[in-house]
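Values quoted throughout were computed directly from the atomic coordinates according to the rules given, and no laboratory measurement underlies them. Just so it is clear, the structure is predicted and the values come from calculations on it, not from any experiment. Because the Cβ atoms are built from the backbone with ideal geometry, glycine has one as well, and the counts that use them run over all protein chains shown.
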Amino acid sequence: MNTAAAVASAPGALPLLGHGLRLVRDPLAFLSSLPAHGDLVRVGLGPHRVVMVCDPQLTRQVLLDTATFDKGGPLYDRLGELLGRGLATCPAGEHRRLRRLSQPSFQPDRMAVYAGAMSDLAAGLADSWEHGQVVDVARESNRLTTRILVRAMFSASADERLHEHMIDDVETVVRCVFRRSIAPEPVNRIPTRANRRYERALSRMRGHLGDVIAARRADPADHGDLLSALLRAGESAGPDADPALTEQEIADQVMTFFVAGTKSTASTLAWALHLLATHPREQARIQDEADRAPATGWAPTAGRAPGASPPALPEAEQVITETLRLYPPGWLLTRQVTRDTTLGATPIAAGTTVAFSPWILHRRPDLYPDPDRFVPGRWATGQTRGAYIPFGAGARQCIGGRFAVTEMALALTHIASRWQLVPAGRAPRVAAEAALVPQGLRLRVLARDPARRDPAGRA
Ligand code: HEM
């Protein structure tokens, strides 16, 4: 079977580098140009030849047939070095058991507990700003999502230096992993400054997380957090029970939740704040909803019934849904084909690497009228979700989607209840790393409550 003969190549590939330079310099413009060449297009991710799927139905086929289109390809090969054989990177044959053992941590009763912590931490962030301050939004969002994950995973607030280290280290590895996936393999082993920084960040993260796991092993109480759920997973013996997670599996899962659960949520939250700042009418709608929500987003811990569900925040959720359409953090994902198959009518040989991109589908004008415009209201009026895949689809769909949407909705609500957001400086640049990051995003925050302003009311 010969895939190459059946699929057109995107123009402009360079020997060895493929389309790597265009992918590094302006990846989104490059991706947007691909559907014009067909539903399937051959692309060079650096030295790796991949078949890019540009059609929504074929993308669904790839996502749903996890045995034929298994995790693999340059991105997942590099992510595997980082995350081991955790839930996001393990092959299909190991996935069902890991997912079953992880799922209890994301049940609605657990989510209600996490939501309490999310609301408190989001309120703390919003209260830490001052009238007129120019906020480094990506950094603040990273701080918030890291604190939330540490609290949900380890039920600890951890010391502030640990947070800062973890933010920097996740930042470094997420920034590097995409470039490493399109570089020729030997280049990743050269001890360049970037490669050494990556190795150092990775080993520090492993060390920190390993210490936390070891400390918890010495304390068998159920802390009601993600780590307790992982350590106890499979304990309830029975004929059909899954074997418990091994030490290595627990370490891989913790690393997976940490990396998957912080940066993508932080980037989305930062983009959402940018979009609100540049669309004042949408910002006013969120502020109205925040003002109507009980006790600015959600009652503080003292007044909240334990396990109470967070309030419905439909306007905030529409903003998040639309932000994820425009800036899906997982913008380019890969799969490895395990047996000869077809995509539509095109033969695809075993061993082929296939890639797909939520960015490509989410910006197609035939699927989304006026695709580049920020219109949260399109989700109130029955926009179809068939081609909407910021969290993937099928068995490998994001396990933390509800977790992420809840924390972002609560954060937007707390921020909108207190602040008017105004752009400060130039529009951010889209940095396409393993997530889509708004680089250089600065917003000025103006207090909505006159009592929060300084006496002279100066900005
Ligand atoms: C805005 C935030 C998020 C986005 C856009 C996002 C996106 C995604 C996507 C697209 C996938 C599927 C990847 C593929 O099919 O190759 C995925 C998987 C995954 N995500 Fe998320 N994610 C987010 C937040 C989170 C959070 C908060 C957590 C954990 C607390 C998390 C944990 C995971 C895990 C463990 C997987 C692998 C699931 C499996 O294979 O069974 N994610 N995510």
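Along the axis of the charge dipole computed for segment 25-87 (Cβ charges of +1 for Lys and Arg, -1 for Asp and Glu, origin at the Cα centre), the listed residues GLY84, VAL62, PRO27 are led at the positive end by GLY84.
Phi angles of segment 407-413 translate, via the Karplus equation with coefficients 6.51, -1.76, 1.60 and θ = phi - 60°, into HN-Hα couplings of 5, 5, 5, 5, 5, 4, 5 Hz per residue; Gly and Pro are given as x.
Mind running the shape call on segment 3-452? Use the C-alpha gyration tensor, a ≥ b ≥ c as the square roots of the eigenvalues: rounded below 1.5 for a/c, prolate if a/b tops b/c, oblate otherwise. It is oblate, given that a/c is not under 1.5 and a/b is not larger than b/c. Using only side-chain charges placed at the Cβ, +1 for Lys and Arg and -1 for Asp and Glu, the dipole size of segment 3-452 relative to its Cα centre rounds to 1020 debye. Full extension of the chain between SER309 and ARG373 gives 19.8 nm of extra length, using 0.36 nm per residue less the Cα-Cα distance. Proximity of backbone amide H atoms, modeled 1.01 Å from N, is registered between ASP340 and ALA350 at under 5 Å, excluding neighbours fewer than 5 places apart on the same chain. Once both labels are positioned 7 Å from their Cα atoms along Cα-to-Cβ, the gap between VAL422 and GLU94 label points is 5.3 nm.
Of the residues LEU367, TYR114, ALA312, the one whose Cα sits farthest towards the positive end of the charge dipole of the chain is LEU367 (charges of +1 on Lys and Arg Cβ, -1 on Asp and Glu Cβ, taken about the Cα centre). If you sort the three axes of the alpha carbon gyration tensor as a ≥ b ≥ c, you get a/c of 1.5 or more for segment 146-219 and a/b above b/c, which makes it prolate. Taking label points 7 Å from Cα along the Cα-to-Cβ direction, HIS223 and GLN397 give a separation of 3.1 nm.
Please state the shape class of segment 334-459: rounded when a/c is under 1.5, otherwise prolate if a/b exceeds b/c and oblate if not, all from the C-alpha gyration tensor. Could you put the intermediate results ahead of the total?
Details: a/c = 2.63, a/b = 2.46, b/c = 1.07.
Judged from the Cα gyration tensor, segment 334-459 comes out prolate (a/c at least 1.5, a/b above b/c).
The modelled label-to-label distance for the pair HIS163/LEU14, using points 7 Å beyond Cα in the direction of Cβ, is 4.2 nm. Extension gain for GLN107-GLU235 works out to 44.3 nm (0.36 nm per residue, less the C-alpha to C-alpha distance). On the beta carbon distance between ALA349 and ALA67, with R0 = 22 Å, the FRET formula returns roughly 0.85. At the listed q of 0.09, 0.15, 0.17 Å⁻¹, the Debye profile of segment 55-214, built from one uniform point per Cα, gives log10 I(q)/I(0) equal to -0.42, -1.10, -1.26. Across segment 372-388, computed HN-Hα scalar couplings (Karplus, 6.51 cos²θ - 1.76 cosθ + 1.60, θ = phi - 60°) run 8, 8, 7, 10, x, x, 4, 7, 7, 10, x, 4, 5, 9, x, 9, 9 Hz from first to last residue, x flagging Gly and Pro.
If you restrict to DSSP beta bridges whose two residues both lie in segment 1-57, what percentage is antiparallel, to the nearest 5?
Numbers: 8 of 10 bridges.
Restricted to segment 1-57, the bridges split so that about 80 percent are antiparallel.
For CYS398, CYS90, what's the fewest-to-most ordering of other Cβ within 10 Å of each Cβ?
Ranked by crowding around the Cβ, least crowded first: CYS398, CYS90.
Only Lys, Arg, Asp and Glu carry charge here, each on its Cβ (+1 for the first two, -1 for the last two); on that basis segment 48-206 has a dipole of about 720 debye about its Cα centre. Rounded to whole numbers, the Karplus 3J(HN,Hα) couplings from phi for segment 122-138 are 5, 4, x, 5, 4, 6, 7, 7, 10, 3, x, 5, 9, 9, 7, 5, 5 Hz, using 6.51 cos²θ - 1.76 cosθ + 1.60 with θ = phi - 60°, and x at Gly and Pro.
Fewest-first ordering of THR268, THR278, THR381 by other beta carbons within 10 Å of each residue's beta carbon gives THR381, THR278, THR268. Around the amide H of LEU40, modelled in the peptide plane, lie the amide H atoms of CYS54, all under 5 Å away and 5 or more residues distant in sequence or on another chain.
The peptide list 182-193, 313-324, 357-368, put in order of mean Cβ contacts within 10 Å with the highest first, becomes 313-324, 357-368, 182-193.
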